[in-house]
Each structure stands twice: as structure tokens, then as C-alpha cells.
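Working notes, beginning with the structure itself.
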Amino acid sequence: MTSPRTSPFTPIPSILSVKPSSFCLYQLHVSFALALALIVSAGLALHAAEYDLVVYGGTSAAVIASVQAKKMGKSVVIVSPDKHLGGLSSGGLGFTDTGNKAVIGGLAREFYHRVWQQYQDPAAWKWQKGQEYGNKGQGTPAIDGAQRTMWIFEPHVAEEVFEDLVREHRIRVERDQWLDRAGGVNKTGPRIISIRTLAGRTYAGRMFIDATYEGDLMAAAGVDYQVGREERSLYGEQWNGVQTGVLHHRHHFGVLPQKLSPYVVPGDPSSGVLPRISTNHPGEFGQGDKKVQAYCYRMCLTDVPENRVPFPRPEGYDPRQYELLLRVFQAGWRETFEKFDPIPNHKTDCNNHGPMSTDNIGYSYDYPEASYQRRREILKEHETYQKGWFYFIANDPRVPHDVQAAMRRWGLAKDEFKANRNWPHQIYVREARRMKGVFVMTENELLKKRPTPDSVGMGSYGIDSHNVQRYITPEGYVQNEGDIGVGLKAPYEIAYGALLPKKEQCENLLVPVCVSSSHIAFGSIRMEPVFMILGQSAATAAALALDDNIAVQDVVYPKLRERLVKDGQMLESTTK
């Protein structure tokens, strides 16, 4: 151990001042210094090593993009702010939003095939026999034996698949590395040369992919983007902008047999407004705003006593935050468990359902552009709210007995998210930044009102936006706004240009998650299988651009299409 008074970097004396009797000691000193210099030099070289492709993010799209790059013979590194790979796919969203599974090809389909393989092992069925699983999926069976795919799964299984992929393909993963958003993107003209993290590590690359849910690299690189809803007239859309009075699904107060007052004393505005209700005007119908749809955690619960952890009372718990929920129950609401969707081993993927549910409406507006510290505060607020929501139902004596008794059967799954006290490590960022790129996807392309050029993948899930705000109507009642559910005529193509920044802004960056699209179009594109599809296509385009030493905007589409088809991507549907 170094003495407190002695620097570990003791100056080396000049050779002229060294006495012969101490020359051997001097040689050892020099050897040590040279070795130390080599180690430091090697470390710096490692951190500044140039890769063909640098992928920023730890999402499912990041992993799939990296695998594709490796399959095309390129060197790649995943620079991940996350410690766990897979984003929402391994973060609780196990009841996959797939839509038409026939348009999911390539490495995305391989992921779901690998999930299927995991569950072929009887040891995977610890808390339930495989033949006892109900096989309920989103519109089709969870397990498709003929296609050897499985679409519904436990979080830890998905994470194991992603870890297998990076290990098998020998992909370097740098975890817990957060982009220095203030000055960590080094550009020469319209090209990114390297990125630097807050830890001081530098990653140089010839091509870059931003695979984050937030679009942090894209924004730090000076690429145009949008946050919030566009005005309906901007792209000639029906479902964009403020949608007051539009009530889809069952996530609004109109499903109750009576209207609810937003005031502490019902009907008395002077008594104050209940928590979780905005007093601001919601905006004019069709008007744009900077608000984003609600976030939540996709919780994994279980009703197996040996594997169940009782709902914890969160730090900062305040039962007053759920007074509105109590009124919902008192009005007769009994659909609390409608979105406790079953996944294997007597577990659930829990999603928002109802007028006041796990969606934390109105508390995510500043998340997309917030500092890391502010984002941590927002995440903590969401965690406290959602944990408190379950704790309130399971423990507050005012909750109807039948609801409370049913909730007490459930708890957090002891064998999931072990490193985070059984709580998901990834919040559902349903929408953050969206690039303004070469081509903007809108509802008109999704609804087949206009053709889509240069397909690099397909989507098929209905247009789905969660609520954006909870407000007071002119009549003096509480209501939610922003929840949209619009069915599609058929699967739709996604344009290559939606992955590309404008060339003058950046010519060696692709964005497969925060794609160039309107708010309402993103409501369908934002599904995990689509992110994996686009991750593969983005990496393919990057590899082709490297081969030809050109900008990603100059990749010849027929050549790109040929490779995508060869690798199993579905680019068009036979259903029109």
C-alpha cells in the first residue's frame, strides 16, 4: 500500500545522477515505469479502438443489430447504458405485442425461436407443467409448435437468449456506459468519428447506430427530432394532436356507470383537486403539444406462494395519491385484473387497464430530453406510484373486500429481476424523441392511404397510443385524453428513409428505434418485434455502406433489399 506521503508516481532519476552501486535498482525502476506506461497505453488504445460499427444502447434492437453486423463480417461493440440486455423484451414485456406474426422474419424470428427452444427443456417449467399452460397469446397461440416459435415468455428467459446471442457471436458489450450528451460526440463535418461516455471511455467507429429508447446519441449528434404530438394538419392525419372526447379501449372514465368529480369534496371546486389530475386546459382538439403518452413498468407477478414476494410499501408511500382510484372502485369498477396477462410458470405481464391504472399519466413529459439526474427522479416517481398502486389495493381497508382479497393472491416474482429486488430494470418508454429524417412515417402510410418507398421491414400492430393527460372537463368531471386504438387494414411497410437522418446532419448514423415518424404512426411502430426487425435492417445498411465507403443515405436500395430478403426479412405482405 502506498504511503500517504508518497506519490505512486515517484519521479525516475536521471541516469547521470545514478551511482554505480544503485544501477541495478535504477534498472528495476525503469522497467517498472516502462511496464506501467505500456499498460496505460494499452488501456487508452482499447478505449479508443476503432470498430466498423458502434451500437449505442442495450435494447433488443441493439443486440439484433450487433449480431447482424457480425454475421456480415464487421467488427462491432455495444456501448450500453444498461447493465441488462434486451430492454423491454427482457424487462417485463413478455406478452409480446406482435400483430401479424407472418411479417416477423430474420433475426427477430430467430429470437422467438430461441425462446421456444428454451421452453422445450422440462426444467424451464419450474412452477407449472408445460401442458398446463393455457397458451394464450395476442390473437394467436403463445406457442406455435409448427413454426417452432414462442411469443410469450418470462423476463429471465428473454435475457438469457440475448446473452446467448452476444456470447455466441463474440460481441463486445460495454455495460453501464452512459453517453456524455453535452460533448461526447466527436464529429467531422456530417460524420461521427467517436463517442465518449461519462466514464471517459472513447469508442471510435466508421458507422454508428442509436438503438436507445430515448434517442440520446441521435440528439447529441445534432440530428433533428420531435417530442410530443404534431398538429393534425401537419401530415394530414386524423388521429394526431389532442384528442379530447375520443374514447377508445376502456382506459377512460366513461366506462363507469357514473361521472366522477375531480374535487376533494365531490362537486366543490373550492375544496381542491385530487392528486393525479391536471388543472391545465388540455388544449384544443387536433392541436399539437409537447406531451408524451404515459409510461409504466411491465411487472412480472406470480400467485405461487413459494415464489411470491408481498407487494412492498414503497418509500414515500402516500395513500392520498390513490383517492381517485378509490372512487373508481366505489363506482363499481371490477376490471382490475383484466391485463394480468398469463406468461409461463404462473406469472403475469401486467399492463395498464382502466381509468386509473399502472400508467402514470402526465408524469413523463420531460423525460425524453431530461438530464440523467432528472430521469432518475422521474423513474423513482413512477416506481413509487406503481408500487404504491398495488400496495394500496392490497392493504388499504377502504378498498372493496373482493378486490383486495383477489389482489392479495399476487406478489412480485421472487425469481425475476433478482438484482433489482424483483422490480423491472426497464421502464416502458412508450415514446420519447422521434427523428425528423429522410422520410417521415405517418398514419397515411400505415392505413395504406399512401405508398411507402423502399421497405426495410414491416409492422402490423394496430395504432395504439396510451393516455397523455388526465384533465377536468368543462362540465366539471375527470377524464383521460390521448388513448387511441385504430385497427389496420393490413400489415404495412416501413421506409428505409425512416431510419436515416438528413444527410447534411449525419451520414454515418442509423436510428432503428426512435425512427422518423409522427406521434400516431409511432403508436404502432413502437413494438419490440419491429425494433428488432429494424435493428437488423439498420446494421445491414451500415455494413453495405462500409463495403462501398459511402454515406448510409447513398446505399443503393435494390442491393439492400437483396441482402435483407436473403437474410429472411419480410419486406412486403401478400395481404393488401
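Worth pointing out:
- Whole-percent carbon and sulfur share, accessible surface of the chain, 1.4 Å: 53
- Enclosed volume per residue, in Å³, of the convex hull spanned by Cα atoms of the stretch 495-557: 72
- The shape of the stretch 370-412 can be summarised by an equivalent ellipsoid whose semi-axes, obtained from the alpha carbon gyration tensor, come to 30, 10, 5 Å from longest to shortest.
- Normalised by 2.2 N^0.38 Å, where N is the number of residues, the alpha-carbon radius of gyration of the stretch 217-323 equals 1.52.
- Relative contact order [Cα under 8 Å, 6+ residues apart], the stretch 175-330, whole percent: 18
- Computed with every protein chain present, the accessible area of PHE311 is close to 20 Å² [probe 1.4 Å].
- Remark: the ALA419-TRP178 segment gains 84.8 nm on full extension, using 0.36 nm per residue and subtracting the alpha carbon distance.
- The stretch 423-576: mean projected area of Cα convex hull, nm²: 12.1
- Estimated dipole of the chain in Debye, rounded to 20 [Cβ of Lys and Arg +1, of Asp and Glu -1, Cα centre]: 780
- Length-normalised contact order for the chain - Cα pairs under 8 Å, 6+ apart - percent: 20
- Between the stretch 368-402 and the stretch 263-280, the alpha-carbon center distance in angstrom: 20
- Mean-position separation - Cα centroids, the stretch 507-558 and the stretch 77-114, in angstrom: 16
- Greater than 27 Å apart at Cα, pairs in LYS136/LYS489; LYS101/LYS387; LYS380/LYS436; LYS339/LYS448: LYS101/LYS387; LYS380/LYS436; LYS339/LYS448
- Take the Cβ atoms of ALA405 and ALA146, set R0 to 35 Å, and the FRET efficiency comes out at 0.30.
- Rounded to the nearest 10 Å², the accessible area of ARG114 at probe 1.4 Å: 40
- Most simply put, the chain has about 70% antiparallel DSSP beta bridges, counting only bridges with both residues inside it.
- Column: log10 I(q)/I(0), Debye, Cα scatterers of the stretch 146-274, q = 0.14, 0.18 Å⁻¹: -0.97, -1.06
- 222 nm mean residue ellipticity, helices alone, for the chain (DSSP H n ≥ 4; -39,500 (n - 2.57); rounded to 500): -8000 deg cm²/dmol
- Angle of helix 372-395 to the longest C-alpha principal axis of the chain, folded into 0 to 90 degrees and rounded to 10: 40°.
- Those lysines that a straight Cα-Cα span of less than 16 Å connects to LYS71, excepting residues fewer than 8 apart in one chain: LYS566
- Estimated Rh, the stretch 529-576: Kirkwood, alpha-carbon pairs, angstrom: 11.4
- Most positive-pole-ward Cα, VAL515, LEU500, THR452, against dipole of the stretch 444-538 from beta carbon charges: THR452
- For the stretch 341-407: rounded, prolate or oblate by the Cα gyration tensor [a/c cutoff 1.5]: prolate
- 0 to 90° range, to nearest 10: angle between helix 60-71 axis and the chain longest Cα axis: 40
- Tilt relative to the chain, helix 23-47 - C-alpha long axis, 0 to 90 degrees, to 10: 40
- Ratio Rg/Rh, restricted to the chain and using Cα atoms, in which Rh is the Kirkwood radius: 1.03
- The stretch 410-479: C-alpha gyration tensor shape, a/c 1.5 cut-off, then a/b vs b/c: oblate
- Area of THR212 that stays accessible when all protein chains are in place (1.4 Å probe, Å², to 10): 10
- Taking the C-alpha atoms of the stretch 271-382, convex hull volume expressed per residue in Å³: 176
- Surface per residue (accessible, 1.4 Å probe) for the stretch 392-509, Å²: 34
- With both labels modelled 7 Å from their Cα along Cα-to-Cβ, the GLU163 to LYS71 distance reads 2.3 nm.
- What the Cα convex hull of the stretch 342-474 gives, in volume per residue, is 215 Å³.
- The stretch between GLU284 and ILE193, if pulled fully straight at 0.36 nm per residue, gains 28.3 nm over its current Cα-Cα span.
- The stretch 296-379, accessible area per residue, ligands and nucleic acids excluded (1.4 Å, Å²): 38
- Simple spin-label estimate for LYS503 and LYS126 gives 5.4 nm between the two label positions (7 Å along the Cα-to-Cβ direction from each Cα).
- Stokes-Einstein, applied to the Kirkwood radius of the stretch 432-520 over Cα pairs at a viscosity of 0.692 mPa s and 37 °C, places its translational diffusion at 223 µm² s⁻¹.
- Taking the square roots of 5 times each eigenvalue of the Cα gyration tensor of the stretch 117-201, largest first, gives ellipsoid semi-axes of 41, 15, 13 Å.
The values are calculated or read from the model by the stated rules, or taken from the named source; none is laboratory data. Keep in mind the model is a prediction, meaning the values are calculated, not measured. All Cβ positions, glycine included, derive from the backbone under ideal geometry; neighbour counts span all protein chains shown. Surface accessibility is based on the protein's heavy atoms, side chains included, excluding ligands, DNA and RNA. Shrake-Rupley method; radii C 1.70, N 1.55, O 1.52, S 1.80 Å.
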